[in-house]
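The values are calculated or read from the model by the stated rules, or taken from the named source; none is laboratory data. A quick note: this is a predicted structure, and the numbers were derived from the prediction, not measured. A quick note on method: Cβ atoms are made from the backbone with ideal geometry, for glycine too, and the neighbour counts reach across all protein chains shown. SASA here: full protein model, heavy atoms, side chains in, ligands and nucleic acids out. Shrake-Rupley method; radii C 1.70, N 1.55, O 1.52, S 1.80 Å.
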Number of protein chains: 2
Amino acid sequence: MSVNVSERSVRRLSLYRRFLLHVQASGGRYLFSHDIATATRTSAAQVRRDLMAISGSGSSSRGYHVTDLLKSISCFLDAPAPQHVALIGLGNLGRAVFAYFVGRHPNLRITLTFDIDPAKTGRLINGCPCHNVLKLNHLCPSHGIRMAILTVPAAEAQAVTDMLVRGGIRGIVNFAPVTLHVPVGVFVETMDFSISLETAAFFSRA
Amino acid sequence: MSVNVSERSVRRLSLYRRFLLHVQASGGRYLFSHDIATATRTSAAQVRRDLMAISGSGSSSRGYHVTDLLKSISCFLDAPAPQHVALIGLGNLGRAVFAYFVGRHPNLRITLTFDIDPAKTGRLINGCPCHNVLKLNHLCPSHGIRMAILTVPAAEAQAVTDMLVRGGIRGIVNFAPVTLHVPVGVFVETMDFSISLETAAFFSRA
DNA sequence: TTCACGGTGTGAAAAAAATAACGATGACAA
DNA sequence: TTGTCATCGTTATTTTTTTCACACCGTGAA
């Protein structure tokens, strides 16, 4: 089902969905491909092509039906049941991510958190149990957790990643400014503030 | 000088530099392209090609001289003098970004911060003055600020962006989960946690 | 010296991605 | 009805990006 759709398409589809949700909330019912395109800074052809891949269909006169299209995209992007997510590292960043997360991603659920600090482990954080990071490879499989958010210091990131991989994790959102090494089949998305900053700095004077 | 180098190359060069700094710190003197490649998860050919573009040259027997290469990359990526940066929005995220920033980017300097909350404006934050966000288009030009980090709520992001653009900002690192609209010539880098999360969720079950 | 080896720099080829092009379709006006 | 028009779905083309391939170079061994 996921074959034939590139990473970039998936990203754009996620953007389209976000826009469509806004439109839906404000009562819009139909959109043309170029509406979606301008809202998400891409081209109408690109939108049509992306939607073609997931067979979301529109009418040539009215365009795309917002609710139907949302259904198509969500059906494609989301798992049938909510996915469980582990959050590793409950420092400032980890807690901020957790706070941001709440209520925003109904299909993703932070089920467990982990930290190495004994002052944090063994308690509930936002109603979610926090365990010692050493229990990772044991607890993730038993809770059906396949993806993780990594908010540990850079120095620990690779070691924790190795544990995650051993624990069967298949997708990682990494906030540490390091390049993680994982086996094929494990997806890593790095939120690399430093690199983004330097890139923006560069092009701000291009 | 910046012509002919794609955004992706710039990103990779930034990654190479980070790796090279680590190597330098641990006393390494020479590296082959494939060392850099494996460390940054790309290919040796890609590394050589990227370096070719900035005319960083290596020897076929020893590889690349770490310090020389660092010099080449930094000369290419960095402005001759430190660039001034404005930070807009001093909520949890903004303060976290500021804290992360400190000491990590010698060529970039957060010169001014802005917020809309009167409890924050008029004071020093980390030794850096905080102004009302309405003073943006006035203060940015007079301080030579050409780039900004945007950590305001999504609902305000576009309005603030418009002010930034009027204030002459040419590069924005945007943390708000919205697609910003800017004139050509203004570079926007969006740190989009939601999109990254959904992308990782998708590929974690591919 | 002479050869083999492993790496660089770079043009050529391949793959991936974005853009353009176009027949088909349905709404609407005349 | 008939023609026009704007948009869709899809194929074709172009552009961009990555990978391959190989001549050339410096080193070390024989």
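Derived scalar couplings between HN and Hα for the range B:141-151 equal x, 6, 9, x, 8, 10, 9, 9, 10, 10, 10 Hz in order, rounded to whole Hz, by the Karplus curve 6.51 cos²θ - 1.76 cosθ + 1.60 (θ = phi - 60°), x for Gly and Pro. Taking the 0 to 90 degree range and rounding to the nearest ten, how far is the long axis of helix B:154-166 tilted relative to the main principal axis of chain B, both from C-alpha atoms? Rounded to the nearest ten degrees, it is 80. Helical runs (DSSP H, four residues minimum) scored at -39500 (n - 2.57) apiece and divided by the length of the protein assembly as shown put the mean residue ellipticity at 222 nm at -13500 deg cm²/dmol. Taking the DSSP beta bridges with both ends in the range A:85-206, the antiparallel portion is around 10 percent.
The angle between the Cα long axis of helix A:193-203 and the longest principal axis of the Cα atoms of chain A comes to about 40 degrees, rounded to the nearest 10.
In this structure, A:Lys71 and B:Ser61 have a Cβ-Cβ separation that, at R0 = 56 Å, corresponds to a calculated FRET efficiency of about 0.40.
Largest first, the residues B:Val66, A:Val102, A:Val184, B:Val165 sort by 1.4 Å accessible area into A:Val184, A:Val102, B:Val165, B:Val66. Between copies, the label points at A:Thr38 (set 7 angstrom from Cα along Cα-to-Cβ) are spaced 5.2 nm, reported in nanometres from shortest to longest. Neighbouring Cβ atoms from other chains, within 10 Å of the Cβ of residues in A:174-181, number 3 on average.
Amide H to amide H distances under 5 Å link B:Asn174 with B:Leu150, B:Glu189, B:Thr190, B:Met191, where only residues 5 or more positions off or on other chains count and H is placed in the peptide plane.
Interface A-B: total buried accessible area of about 5400 Å², 1.4 Å probe, protein heavy atoms only.
Build a GNM of chain B with springs between Cα atoms under 10 Å: which of B:Ala86, B:Ala45, B:Ala159 gets the top mean-square fluctuation? The residue that fluctuates most here is B:Ala45.
Across the protein chains, with a 1.4 Å probe defining accessible surface, the residues B:Lys135, A:Lys120 rank B:Lys135, A:Lys120 from largest area downward.
From the alpha carbon centroid of the range B:85-153 to that of the range A:76-103 is 28 Å. Counting Cβ atoms of other protein chains within 10 Å of each residue's Cβ and taking the mean over peptide A:182-194 gives 5. Across the identical copies, the label point of B:His138 (7 Å from Cα in the Cβ direction) is separated from its matches by 6.2 nm, in order from shortest. At a 1.4 Å probe radius, carbon and sulfur cover how many percent of the accessible area of the range B:105-148? Of all accessible area on the range B:105-148, carbon and sulfur atoms account for 58 percent. Packing around the peptides A:127-133, A:7-13, A:173-179, taken as the average count of other Cβ atoms within 10 Å per residue, puts them in this order, highest first: A:173-179, A:7-13, A:127-133. The mean number of Cβ atoms from other chains found within 10 Å of a Cβ in peptide A:160-171 is 1, as a whole number.
A cut-off of 5 Å between modelled amide H atoms, ignoring neighbours fewer than 5 places along the same chain, links A:His131 with A:Thr113, A:Phe114, A:Asp115, A:Gly122. FRET efficiency for B:His143 and A:Val184, Cβ-Cβ distance as r, R0 = 45 Å, nearest 0.05? Between B:His143 and A:Val184 the formula returns 0.40. Annotation: lysines with alpha-carbon distance below 22 angstrom to A:Lys135 (same-chain offsets under eight excluded): A:Lys120.
Taking every protein chain into account, the accessible area of the protein assembly as shown amounts to 46 square angstrom per residue (probe 1.4 Å).
Using a 7 Å projection from Cα along Cα-to-Cβ, the label point at A:Arg62 is separated from the same position in the remaining copies by 7.2 nm, smallest value first.
Give me the angle, in degrees from 0 to 90, between the Cα long axis of helix B:7-25 and the longest principal axis of the Cα atoms of chain B, rounded to the nearest 10. Roughly 70 degrees between the two axes.
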